[in-house]
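The values are calculated or read from the model by the stated rules, or taken from the named source; none is laboratory data. Just so it is clear, the structure is predicted and the values come from calculations on it, not from any experiment. Reconstructed Cβ throughout: ideal geometry from the backbone, glycine too, with neighbour counts over all protein chains shown. Accessible surface is based on the protein model in full, side chains and every heavy atom, while ligands, DNA and RNA are left aside. Shrake-Rupley method; radii C 1.70, N 1.55, O 1.52, S 1.80 Å.
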Amino acid sequence: MTFDQLISRPDLKHAQAQLSLPASWGQGRTVFGGLSAALMLQSMLNQLDDQNRRLLSFSCNFVGPLLTDMPFELNTQLLRAGKNATQMQTTITQNDQVCLVALACFGKPRSSAIKVSAQDESTLAEINHTQTLPYIEGVMPAFIQHIDLNLQQGAMPFSGANSSHIGGWMKFKEAAQPHLSVLHLLALADAWPPTLLQLCEGPTPASSMSWYVEFLDDIELAGTEWFAMEAVTHQAEHGYAIEDAKLFSQDGKLLALSRQTVAVFDS
């Protein structure tokens, strides 16, 4: 199934749903985290009464593994709907264990005299299709078969590189229908490996623990466009790292800011 087919499942129209996800969307034995997050956000969007409220922020804690090919429960709760903002929470449980917890904030436009434009610009060159990574079964996570990653900055995981930044273009192989949205950007933002894995000399497990994304505007782009990501490691010590990323549209507009706490098991 494609990403669009998965997030369009009728089960997600209900605040409580039981789902399962195929191994083709796996990351090892677990579900690709970006897909899990997107399903949670889609459930929230389906429960949002005021469609004039756009996504401002989304945070997710990866509490435990969510296994592929096994049923799990998704539960979305409205925490508060105020005059201008709505706060929601979604939890995923499997085998009576909490796997993921997400919070999202939605807000409606308000009149304000304050305006500060984003000054960040992407430093990536134009897309060079010869740099798009080929999917290698058994070597790369299974979900990569659905995604094109065009590496431009940094290095491949486990290459013993001397820098901890990474940058490149990303898109789903199947064009989005009817257009790209915050759901696509959220999922793709998690498709790149943690920045610090390129420092490792050999295969090393790593896992996202918490993830926070702020969206600067609503997103409605042509389904075939690429997104750009540039990520840096702020600090890594004692098996944990903090990495920040900026996410851009293909024409260079800053769309979102991302921060993750990552655990790496290199000893």
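Some notes on this structure:
- Scope the stretch 24-49; condition open to solvent by less than 50 Å² (accessible area, probe 1.4 Å) and more than 24 Å from Val139 (Cβ to Cβ); matching residues: Ala37, Ala38, Leu39, Met40, Leu41, Gln42, Ser43, Met44, Leu45, Leu48
- Cβ-Cβ under 8 Å pairs, at least 6 apart or on other chains, the stretch 93-104 side over 18 Å from Ser208 (Cα atoms), far side outside any strand (DSSP E or B) and open to solvent by 50 Å² or more (accessible area, probe 1.4 Å): Gln94/Met70; Gln94/Pro71; Asn95/Met70
- Answer from Ala175, Ala191, Ala241, Ala206 - the residue that is within 12 Å of the chain's Cα centre (by Cα) and either within 19 Å of Phe3 (Cβ to Cβ) or small (Gly, Ala, Ser) (or both): Ala191
- Residue match in the stretch 188-205 (condition: of a type in the set (Phe, Trp, Tyr) and open to solvent by 10 Å² or more (accessible area, probe 1.4 Å)): yes
- Within the stretch 139-157, being among the polar types (S, T, N, Q) and without any contact (Cβ under 8 Å) to a residue 40 or more places away in the chain holds for one residue alone: Gln152.
- The residues of the stretch 111-136 that are within 20 Å of Ser249 (Cα to Cα), open to solvent by 80 Å² or more (accessible area, probe 1.4 Å) and not in a loop (DSSP other than H, G, I, E, B) amount to a single one, His129.
- Subset of the stretch 152-166 (residues that are touching a Phe, Trp or Tyr at 6+ places or on another chain (Cβ under 9 Å) and open to solvent by less than 30 Å² (accessible area, probe 1.4 Å)): Ile166
- Residues in the stretch 3-23 that are within 19 Å of Gln177 (Cβ to Cβ) and either among the aliphatic types (A, V, I, L, M) or open to solvent by less than 40 Å² (accessible area, probe 1.4 Å) (or both): Phe3, Asp4, Leu6, Ile7, Leu12.
- Filtered residues of the stretch 65-110 (kept if open to solvent by 50 Å² or more (accessible area, probe 1.4 Å), among the aliphatic types (A, V, I, L, M) and in a strand (DSSP E or B)): Leu78, Leu79, Ala81, Val98, Leu103
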